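Trainee: Below you'll find the structure I mean.
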Amino acid sequence: MTTDTAASPPGAPAHACVRLLAAALVSGVAAGLIGIAMAVLLEGFEWLFYGVGEGTLPQRVQAAASWRRIAAPAIGGLTAGALWWWERATGGVAGVEAAVGDVSGRTGRHMGLLRPFADGVLQVLTVGAGNSVGREGAPRLMAGAIAARVSSRLGLDPRTARTLVAAAAGAGLAAMYNAPLGGAAFAVEITMLAGMRRQGVWLAIPVSLLATVVSWLHSGGRPTFQVTMGAPNTATLVAVLPVAGLAALLGVGARSLWRQLKDHRLPDTWALPLGIGAAGLLTGVASLWLPVLPGNGRDALEAALTSPTTAAALACLLGVVVLKPLLTGLTLGAGATGGLLAPSFALGGSAGAAVAVAANLADWQVSVPVLALVGAGAVLSITQRAPVFGTVFVWELARGPLWVLALMAVVSVCCWWLTSPLGVVRHIRPRRGRGPASS
């Protein structure tokens, strides 16, 4: 009887390590370049739809004519919906989750490149037009497709290939937000299956770090948000309690709403482009009051972090808390492909900032950015069922003091633990036969 060791040629383990190293290097560099390309493409779509060459998305929205603010998300949703209709009618897209979950390794080899890249461009087009849905799915899908192709070409075994696809998907997220630890945590805690996480973390971290360093060619290494947070004070620490309670309720509610709408989304027929276009129209109308509503939610969190202490600012924050999850759910329910990360941290960040602004208006001095980050991390931890990712990723967006990271970790873990037994927070999964979905 022969053994596996005897059957393996001399030097095979060493050759496998070399192939894995090469695949990881290619995947990490590709994820970084994809992150840069998607950032540039997003800016291009924003200029195309709003006709304003510079500024953030809310600034472009405010500078555009009223008719354009209303029409841009509707036209973008109609266009993307028509193309998604064709894409799904001709075979659809094999996503990262499908590739990681296929123990045979065949899905990873058959992801292809053209369809994942085309689908990623459609996702960025949807966000650039102002539709309320996350954009992080695009670089994750593209980077995962590259990793699957490289793994196949280099002959990696199926288990290693699946782990690399998950690591590359997290690296794509890391490159987009300059958040290497958050990207690695996403790969391990959310994308990888239970049996591959212990070894996968040692692959996810270096791949995300490499992708992030490559992305510095565009971002310059600056954090996504630049805000000032001082030393802790008693008022801020006490105000964390209502923020945590509100974040738990909002996280559970948003997750349940999004799941229900995704599970009962419109069919892949002529209703698909009309539905996404209608959701975009509602977003455009709402932007006449709140320019931070269009897009994935990044700008809404930035507005929350820098919110002034005024009654008008409080009203805007509450408007985001109410309308952002609803518009996101309608967009996904209409059949759009997109993520939920940015809508989640925009919801939590706006809620935390609202509590802070209300406290400051009552002459109780608390830190707005600290409570905004705490709320953002807690809601993201609940909607994704991933407290480590929710905490680390949101903290990396602003790179606050370590005491803020510790505070966020305590609140996120407590909120995650308290909401875990509830049936409404089960993991969001697409219904079979209804097309691709993203986290």
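Trainee: Tally the residues that are open to solvent by less than 10 Å² (accessible area, probe 1.4 Å) and either acidic (Asp, Glu) or assigned to a helix (DSSP H, G or I) (or both), restricting the search to the range 368-390.
Mentor: Of the range 368-390, the ones open to solvent by less than 10 Å² (accessible area, probe 1.4 Å) are 370-383, 386, 389-390.
Next, from what is left, pick out any that are either acidic (Asp, Glu) or assigned to a helix (DSSP H, G or I) (or both): 370-383, 389-390.
Selection size over the range 368-390: 16.
Trainee: Can we say Ala194 is modelled with pLDDT under 95 and surrounded by fewer than 24 Cβ atoms within 10 Å (Cβ to Cβ)? Talk me through it step by step, then tell me what you get.
Mentor: On the way: modelled with pLDDT under 95: yes; surrounded by fewer than 24 Cβ atoms within 10 Å (Cβ to Cβ): yes.
Taking the combined requirement at face value, the residue satisfies it.
Trainee: Could we say that Ala239 is outside any loop (DSSP other than H, G, I, E, B) and more than 18 Å from Leu181 (Cα to Cα) here? Before the answer, list the steps.
Mentor: Details: outside any loop (DSSP other than H, G, I, E, B): yes; more than 18 Å from Leu181 (Cα to Cα): yes.
Considered against the rule, which asks whether it is outside any loop (DSSP other than H, G, I, E, B) and more than 18 Å from Leu181 (Cα to Cα), Ala239 comes out as yes.
Trainee: Does Glu54 satisfy being open to solvent by 50 Å² or more (accessible area, probe 1.4 Å) and among the charged types (D, E, K, R)?
Mentor: Details: open to solvent by 50 Å² or more (accessible area, probe 1.4 Å): yes; among the charged types (D, E, K, R): yes.
Considered against the rule, which asks whether it is open to solvent by 50 Å² or more (accessible area, probe 1.4 Å) and among the charged types (D, E, K, R), Glu54 comes out as yes.
Trainee: Among the residues in the range 21-38, are any touching a Lys or Arg at 6+ places or on another chain (Cβ under 9 Å), modelled with pLDDT of 90 or more and not in a helix (DSSP H, G or I)?
Mentor: No.
Trainee: Tell me which residues, restricted to the range 128-139, are open to solvent by less than 10 Å² (accessible area, probe 1.4 Å) and within 12 Å of the chain's Cα centre (by Cα). Don't jump to the end; show me each part of the working.
Mentor: At the first step, the residues of the range 128-139 found to be open to solvent by less than 10 Å² (accessible area, probe 1.4 Å) are 128-134, 136-139.
Val133, Gly134, Glu136, Gly137, Ala138, Pro139 - these are the residues of the range 128-139 that are open to solvent by less than 10 Å² (accessible area, probe 1.4 Å) and within 12 Å of the chain's Cα centre (by Cα).
Trainee: Which residues, counting only those in the range 396-416, are out of contact with any Phe, Trp or Tyr (no Cβ under 8 Å at 6 or more places or on another chain), part of a helix (DSSP H, G or I), in contact (Cβ under 8 Å) with a residue 60 or more places away in the chain and not aliphatic (A, V, I, L, M)? Spell out the reasoning first.
Mentor: Restricting attention to the range 396-416, the residues satisfying the condition of being out of contact with any Phe, Trp or Tyr (no Cβ under 8 Å at 6 or more places or on another chain) are 399-403, 406-407, 409-416.
With part of a helix (DSSP H, G or I) added as a condition, the list becomes 402-403, 406-407, 409-416.
Checking which are in contact (Cβ under 8 Å) with a residue 60 or more places away in the chain leaves us with 403, 407, 411, 414-415.
Residues satisfying the conditions are Trp403, Cys414, Cys415.
Trainee: Another question, if that's okay. How about the range 328-353: which of its residues are surrounded by fewer than 24 Cβ atoms within 10 Å (Cβ to Cβ) and of a type in the set (A, V, I, L, M)?
Mentor: Listed by number, the list holds a single entry, Leu330.
Trainee: Which one of these is in a loop (DSSP other than H, G, I, E, B), at pLDDT 95 or above and closer than 27 Å to Cys415 by Cα: Leu249, Leu293?
Mentor: On the way: Leu249 fails: in a loop (DSSP other than H, G, I, E, B).
The conditions single out Leu293.
Trainee: Same structure again: Tell me the helices (runs of 4 or more DSSP H) entirely within the range 97-185 that contain at least 1 residues that are basic (Lys, Arg), out of contact with any Lys or Arg (no Cβ under 7 Å at 6 or more places or on another chain) and within 30 Å of Arg399 (Cβ to Cβ). Give the steps one after another, and end with the answer.
Mentor: Numbers: elements: 106-109, 114-128, 137-154, 158-177.
Where helices (runs of 4 or more DSSP H) fall fully within the range 97-185 and carry at least 1 residues being basic (Lys, Arg), out of contact with any Lys or Arg (no Cβ under 7 Å at 6 or more places or on another chain) and within 30 Å of Arg399 (Cβ to Cβ), they are 137-154.
Trainee: Looking at (1) open to solvent by 10 Å² or more (accessible area, probe 1.4 Å); (2) under 25 Å from Val413 (Cβ atoms), can you tell me which one Ala315 breaks?
Mentor: Result: Ala315 passes all but (2).
The values are calculated or read from the model by the stated rules, or taken from the named source; none is laboratory data. What you see is a predicted model, and the numbers here were worked out from it, not measured in a lab. Glycine gets a Cβ as well: all are built from the backbone with ideal geometry, and neighbour counts include every protein chain shown. Surface accessibility is based on the protein's heavy atoms, side chains included, excluding ligands, DNA and RNA. Shrake-Rupley method; radii C 1.70, N 1.55, O 1.52, S 1.80 Å.
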